[in-house]
Structure formats: structure tokens, C-alpha cells
């Protein structure tokens, strides 16, 4: 059960103290996992609000991606936003809808530097760790709100075949097969392939077709070498290809999903991570070398109406290389422990983002504005469709050094860490357009052609930004007597570098075009395109408790976050095509989290988590409105997860056991805009499953949102029109697992 969740917020092995807990629920993290590289002790002994979900817990949840642990981890929310490119995560009121993420992700030690690749299926996950709160000191960029570490199953720990097949409503079909073989005590290999298909749940009323279809192929190849007792090597290469429809956005005005232009998302990813660990007697040296590549295409009807306004295509090729070197003291039981590290990365992004104006877009968004200003000399575009082109080349590199010291004094542990982080980014942009319009002159009741105006725009430029910061962390932990847990307090700084608003260039170019006609505002490219770093101070107290002979696990924490220049996605006044990343002057967030796991007896396991976040603007005036005191949009106020498992033995070696699962996930309130005028109230989704079998062969019948609760997961504006993303209705299906 989620007795893995009973070890929640702690080292996965801690549940093993209860002898009746099956071994399958206890995960021992691989020696070369990123967590073991950077943690002095087990997570449960550290001053961290950290959740661990083991393989058995994830399979019980049916979680193959990060969305599967949303709400299960307190104050962790990752909704469905229409396609897998919009993989936004919110933790404790902090999140990012575009550009750099606020939560870091490492998969088999590969740091994912582009959040567009966060939402993907992973077969045979060994464990998921979610560390909440700033992790910038040890993990660096993109960890403003936390970090997620995913480890896949190792051939050194499991040998044989693992096969999974799943089907359900909506045309859901998933299959995966993994081969794990250990040729000797020194060498093992794993090869995994997976495929998933979805017909979809939402229909476009314009043409009657399903719009959220999906096909996803993925593969992974893993090697583990134990070259000696001191030297180990691990290499994991993974690739995936996704074809997805989109987007199920309904108009607030009509209540319908109805638009006329094609929408889709396609993505190819490749990652490779090489981890080398050298561990002589007194220290451990670990090198993590990673490469990742993303090639995708997002094409959408950007007005999301059944009319010809405009469309957007965004094509990206993003390649990144990173190196993390960590040296850690290895003297167990010593009063003083230490860690030094150095991290560097280079990231190259080639992006093309043309916006195509169509007939009604030309008429209402351009001609109408111009002609209302000068009705005696109206204009008409010579072509009823034209393109505003924007090409970008972005190179980003960063260097960092960091250190952590731990001192143990009796039952107290005092730790201090510091990171010096430098990042530099350059943007080469090319905006261009070639079109024309004709000015007409009034003659009586008629208008005759007066003058033809060519429009040839060819703007090029280069921008650069550099960011340098110090990221400190100080923490104290008191270990309770008799191994019952600990109490901790921590203060640390969170940080996310600034960047460029590439999605604003379509508006910059559009206003440039309007300026040629003598109307419209002129943007200062350097001013509107750049946004500042986000910084925060995090204050946290918490506890990890093991009670009732380790059958009851309780974890709780309280936090306060003082954030400056929080990066927010907004729709600027007067815009028609773009979004902008802006900085709120000052925000604050406070709240708490609690997780409980109770292994009541051999048959009954109960677990639950609750997170509360109160996140508001303290200072934020966008030039038009003052949002002081308003709640930060998109971040849920509450998350809730409750689960009860009942295991019934069948006394049959063939049938194994029957596990009954009843669970509830809750989320809300969620405010959709800075004015807090639109809100998603708290909602709860009921789930249940029945599993028959054992580790070798099992069949699970499951259902989600069994009460068909209606809710929304996303809100946005386009041309002043408001749209929502619907949540899925009832889902039912079956999952078969076979291991030999």
C-alpha cells in the first residue's frame, strides 16, 4: 500500500521496521541516485519536507507520470492543461506557467532543464522523491519551490521480465515490457519499451471530432557496472515520441469547445545520463554527466473560436549538456561531515514562432482599429492572410560551486550550506513580415483606391542578461530519544534566474505593423522582453515521527515564504496574440503540511496528507490595477489525499491476495486571475480499485472520479475572451501486471 506513503517524508527503508510490511513496499535507493549523492543521511533524518513514493505505492496509485502524484504529495499540484507541453507544477504558492520551471526534475540523475518535457510516462519507476521548499543551495536552477528525483528500476536489484497492459474508457490502451538481466555481480542491463494510446474524452463541437487523442512511444536502456568495490558506473539512455491532439478549451461565454483550425502537439525527446561513483575509505566522488534534447511542434488555433482570427505554430529544438561533480565525506559516525560540489551547464534553444493572421483577424484586429481612427481614408489588406514571423536563438550557460557542512552535537545536528551561482543568457531575435495594404479615398458614397502601402519589416537584434547570486541555507535538527523521530527548523533562500519573453515578440511585431499605419503603441523591446530573477526566503519548522513500533508515521511542517519579484504569466493590456512574464513586486505565502501513514495490522493500512497554502500579493501594481491582498492565481489553497487499503488473503498460491483500495483527492480553492474574480471551488475526486494477485501476477480493476464531479483545471484569456479547461469525468479500466 502506500505504506510506502507511511514512510512518506522519510527514508523509504524506515517502514521496514514493521516486519509484516511486504518487501515490495520498501525501496532501497540505488547508491548512485542523485539523492544519495547529495544527502548526508537519510531524508527522514534531514530537515526536509520530503515525500517518498515507492514502486508498489506508485503502482497502487496507477501513477505513470508526475500528474499521478498531484495532491498525494501535500501542497503539490500538477493539473492537466490541455497538452503535455503545459506541464506546470505549483508548490506552496510558487509555480511557473511558461519558461523556466519552479520545481526541478531529475530522472536517473539527468536534470531536465526544460519544463516542456516534464509531462511524460515512465515505465518501472523504482521511487519518486519530492522535496518541498527551496532546494537551490544543493540543486541549483529551477528548484525555487522544490525538486523531484525519479529513479527507475535497476537490473542489479531485479532480474527477469516485467510486463504491464492497461485498458480503459476513452480508448485508453497502455503496454510496457522490461527485460532486466544481471550477467554477473558486476554487470547488469535493462531494456524497456512502452506504448500508450488515447482516443480522447473531449469533442470539438465545430467538427464533431475528439480533440485530445494521443499516441506515445518510449524506450529506455540502462547499464550498471560495479567495476570494483570502490568504483561503480551507471548509464541510462531514454527516448520518447509523442503525438497529441489539443486543446479542450471551452469558451466561458458559450460553454462550448468549438474552434475551426487544427491543433496538435508533437514532441521527441532524448536523454542520456552517465553517473560515475568512486568511493575509497574516506570520501565519495560522484560525477553526473547528462545530455538532453527536445524537438517539438505546438500548433494551435490561438483564438479558440469557430472563426478565422489567427493561429500560432511554435517549433523548438532544445539541447542541453550538464556536469555535476560532488565530493562528500564518508566517515560514518563522525561529528563533522562535509560536501563540496561544482555544477555547469550549457543550453541551446532554436525556436520559430510564426503567428498567422486570417481574414477575420485582419478585419477586426487591424483594419477596424485603423479605420475607426481615420474613416475617410479606410484601408483594406491586400491579402486576407499574412504571417508575423519570429525566430529566436537562445544560448544559456551557468556555473556554480556549493558546499555543505554538518556538525552533530549530542542529539542536535547543525547544518549550513552555501552556493555561488552564475548564469548568462543571450537572445538573438529576427522578426519579419512582408505584406501590403491599400488606402481608399471617399468619393461621395463610394471608396476608390488611393495608395498602396507595402509593409516590409525585418527587425534583428541581440539581448543578453547575466545573473549572479549567493544562496545560503542554515538548519538545526533535534533527534528525539529512542529513535522516535526528530524536530527541525530551517532558513534558506530560493532563486530562479530571469529571462526573455519570447512569446511577446508577436505583439511587438504587431504593434510595429500598427505603427506603420499611424496607430498602436510602440514597445521598447529591451524593456518588455526581459524579466527579473525571482528570489525568496523560506522559513520552516517541522517534525518526522515514528510511533507505535514504527507502525504509525507522522510528518508535519509549517512554512513562511517571503518572495520578491515573483515571476507571473499575464496577458498585457491591449494584447491580441501573446503572453508576458512579469514580476510581482512582493508576495508572501504561509501554510502547513501533514502526512500520516498507519499500518494498523496485516490487513488494514490507512494514509493521508493535507496541505494548506495562503499565498497573496503584498505589492503588485501592473500599471492599471493594484492587486495588493489578492490571492496568487493558479496555486490551490488546499490539497487533500485520503486512502484506505484492506488486504484479504485467499490462502491460494495461485490467486494470491485481494486488495481493496478506496481513495479521495481534493483540490481548491483556485483563483484564476490576479483580480480573483474567477475561482474554482474546492472539489474532491473519489477513486477505488480491487487488485487480485501478487508480485508475480496481478489484475487491478480501477475507477477515478467515480462521482463524475465537474471541475476546471485551467483558465486563460485570448483577445479579451475567457476560456477554461474542463477536468475529466469518470474513468474506469483494468491493469494487468506480469513478472517472471
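The values are calculated or read from the model by the stated rules, or taken from the named source; none is laboratory data. The shown structure was predicted, so the numbers you read here are calculated from the model rather than taken from an experiment. Every residue, glycine as well, gets a Cβ built from its backbone with ideal geometry; the counts of neighbours run over all protein chains shown.
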Here are the criteria: (1) out of contact with any helix residue (DSSP H, G or I) (no Cβ under 7 Å at 6 or more places or on another chain); (2) closer than 30 Å to residue 596 by Cβ; (3) in a strand (DSSP E or B). Tell me which single one residue 661 does not satisfy.
(1)
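A quick yes/no check of all residues on (1) touching a residue at least 12 places away in the same chain (Cβ under 8 Å); (2) surrounded by fewer than 16 Cβ atoms within 10 Å (Cβ to Cβ); (3) in contact with a helix residue (DSSP H, G or I) (Cβ under 8 Å, 6 or more places away or on another chain):
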| residue | (1), (2), (3) |
| --- | --- |
| 310 | yes, no, yes |
| 319 | yes, no, no |
| 338 | yes, no, no |
| 341 | yes, no, yes |
| 346 | yes, yes, no |
| 351 | yes, no, yes |
| 359 | yes, yes, no |
| 364 | yes, yes, no |
| 368 | no, yes, no |
Sort through 463, 399, 427 and tell me the only one that's in a strand (DSSP E or B) and free of Cβ contacts under 8 Å to residues at least 60 places away in the same chain.
399
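Listed here are the residues, each with its yes/no results for (1) closer than 30 Å to residue 249 by Cα; (2) surrounded by 15 or more Cβ atoms within 10 Å (Cβ to Cβ).
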residue	(1), (2)
180	no, yes
190	no, yes
194	yes, yes
208	yes, no
Quick check, is residue 449 surrounded by fewer than 16 Cβ atoms within 10 Å (Cβ to Cβ) and on the phi < 0 side of the Ramachandran plot?
yes
Scan the strands (runs of 3 or more DSSP E) fully inside the range 468-581 and keep the ones with 3 or more residues being at pLDDT below 90 and either more than 17 Å from residue 94 (Cα to Cα) or in contact with a helix residue (DSSP H, G or I) (Cβ under 8 Å, 6 or more places away or on another chain) (or both).
none
Within the range 117-128, does at least one residue satisfy the condition of being in contact with a helix residue (DSSP H, G or I) (Cβ under 8 Å, 6 or more places away or on another chain) and surrounded by 24 or more Cβ atoms within 10 Å (Cβ to Cβ)?
yes
Meets criteria (in contact (Cβ under 8 Å) with a residue 40 or more places away in the chain and within 30 Å of residue 534 (Cα to Cα)) for residue 607:
no
Only one of (1) within 19 Å of residue 77 (Cα to Cα); (2) assigned to a strand (DSSP E or B); (3) without any contact (Cβ under 8 Å) to a residue 40 or more places away in the chain does not apply to residue 701, and that is (1)
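Would it be correct to say that residue 721 is more than 23 Å from residue 616 (Cβ to Cβ), surrounded by fewer than 17 Cβ atoms within 10 Å (Cβ to Cβ), out of contact with any strand residue (DSSP E or B) (no Cβ under 6 Å at 6 or more places or on another chain) and touching a residue at least 60 places away in the same chain (Cβ under 8 Å)?
Taking the combined requirement at face value, the residue satisfies it.
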Would you say residue 686 is over 22 Å from residue 88 (Cα atoms), in a loop (DSSP other than H, G, I, E, B) and free of Cβ contacts under 8 Å to residues at least 60 places away in the same chain?
no
